[in-house]
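Participant: Below is the structure I would like to discuss, written out as structure tokens.
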Amino acid sequence: MADLSESEIEEVREVFDLFDYWDGRDGLVDATKIPDFMRCLGLNPTNEVCKSASGLQENLKEGEKQFKFEEILPIFKVVSEDKDTGTFADFMEAMKTFDREGLGFISSAELRNVLTAMGERLTDGEVDFILKHTETHEDIDGNIKYEEFIKKVLAGPDTK
């Protein structure tokens, strides 16, 4: 693919080989794993962006569609060009909606509800994982300081 640099193609190849290895070394990556694939490349796409870029149907099940390496490159290109992943200001504005007193806090239960019931919904396990790995703890009243939480999430995983 002429639009990608040699280093980008090499990086995609490395991730492809890992996913292919986990899937049985058949030279294919399952379509349901495309969002995780893209995140391993350091991108932060929504599942919807991945679905759109790869031309997949809504309720695709594992094993129904698979991609060769050459088919993943154009998907990577489209996903990597998507710049609408939300900004710190966007997330702060969204959290302020739930901050009734304007003190910079959201209740832990309300944060969990927002993450599991709105937008691109997370599972309870995914929310637990995020809270654990961002070392987010509620205060004595069951609240979380959302500015710190957003900063930690946007910073990504600690690579110590």
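Participant: Could you give me the residue pairs with C-beta distances under 8 Å whose first residue belongs to region 100-127 and is in contact (Cβ under 8 Å) with a residue 12 or more places away in the chain and small (Gly, Ala, Ser), whose second residue is surrounded by 12 or more Cβ atoms within 10 Å (Cβ to Cβ) and not in a loop (DSSP other than H, G, I, E, B) wherever it lies, and which are 6+ apart or on separate chains?
Facilitator: Sorted first by the residue in region 100-127, then by its partner, the pairs are GLY104/LYS145; GLY104/TYR146; GLY104/GLU147; SER107/ASN143; SER107/ILE144; SER108/ASN143; SER108/ILE144.
Participant: Among the numbered criteria (1) closer than 21 Å to LEU122 by Cα; (2) in contact (Cβ under 8 Å) with a residue 60 or more places away in the chain; (3) assigned to a loop (DSSP other than H, G, I, E, B), which one does GLU48 miss?
Facilitator: (3)
Participant: Turning to a different aspect of this structure: Restricting to region 33-54, count the residues that are under 20 Å from GLY119 (Cβ atoms) and either crowded, with 16+ Cβ neighbours inside 10 Å or touching a His at 6+ places or on another chain (Cβ under 9 Å) (or both).
Facilitator: So the count comes out to 10.
Participant: Let me ask another. Test each condition in (1) crowded, with 16+ Cβ neighbours inside 10 Å; (2) more than 23 Å from GLY102 (Cα to Cα); (3) of a type in the set (Val, Ile, Thr) for ILE150 and report the one that comes out false.
Facilitator: For ILE150, the failing item is (2).
Participant: Among the residues of region 1-19, which ones are in contact (Cβ under 8 Å) with a residue 24 or more places away in the chain and either surrounded by 17 or more Cβ atoms within 10 Å (Cβ to Cβ) or assigned to a helix (DSSP H, G or I) (or both)?
Facilitator: Result: GLU8, ILE9, GLU11, VAL12, ARG13, VAL15, PHE16.
Participant: What's the total number of residues in region 132-146 that are part of a helix (DSSP H, G or I) and exposed (fewer than 13 other Cβ atoms within 10 Å of the Cβ)?
Facilitator: Residues in region 132-146 being part of a helix (DSSP H, G or I) and exposed (fewer than 13 other Cβ atoms within 10 Å of the Cβ): 1 in total.
Participant: Since LEU103 meets every condition but one in (1) within 16 Å of ASN47 (Cβ to Cβ); (2) surrounded by fewer than 10 Cβ atoms within 10 Å (Cβ to Cβ), which condition does it not meet?
Facilitator: Result: LEU103 fails condition (1) only.
Participant: Let me ask something else about it. Report the residue count in region 94-110 for those that are of a type in the set (A, V, I, L, M) and in contact with a Gly (Cβ under 8 Å, 6 or more places away or on another chain).
Facilitator: Number of matching residues: 1.
Participant: Somewhere in region 53-75, is a residue of a type in the set (Ser, Thr, Tyr) and in the same structural domain as ARG13 (by TED's automatic domain parsing)?
Facilitator: Taking region 53-75 as the starting set, the residues that turn out to be of a type in the set (Ser, Thr, Tyr) are 54.
When the remaining residues are screened for being in the same structural domain as ARG13 (by TED's automatic domain parsing), the result is 54.
Yes, region 53-75 contains a residue that is of a type in the set (Ser, Thr, Tyr) and in the same structural domain as ARG13 (by TED's automatic domain parsing).
Participant: Condition first: more than 17 Å from GLU81 (Cα to Cα) and either hydrophobic (A, V, I, L, M, F, W, C) or in contact with a strand residue (DSSP E or B) (Cβ under 9 Å, 6 or more places away or on another chain) (or both). Can you find one or more residues in region 47-57 that meet it?
Facilitator: Scanning region 47-57, I find at least one residue that is more than 17 Å from GLU81 (Cα to Cα) and either hydrophobic (A, V, I, L, M, F, W, C) or in contact with a strand residue (DSSP E or B) (Cβ under 9 Å, 6 or more places away or on another chain) (or both), so the answer is yes.
Participant: Further question: Of everything in region 80-135, what is in contact with a strand residue (DSSP E or B) (Cβ under 6 Å, 6 or more places away or on another chain) and closer than 23 Å to GLU48 by Cβ? Give them in sequence order.
Facilitator: MET95, LEU111
The values are calculated or read from the model by the stated rules, or taken from the named source; none is laboratory data. None of these values were measured; they are calculated from a predicted model. All Cβ positions, even for glycine, are placed from backbone atoms using ideal geometry, and neighbour counts span all protein chains on display.
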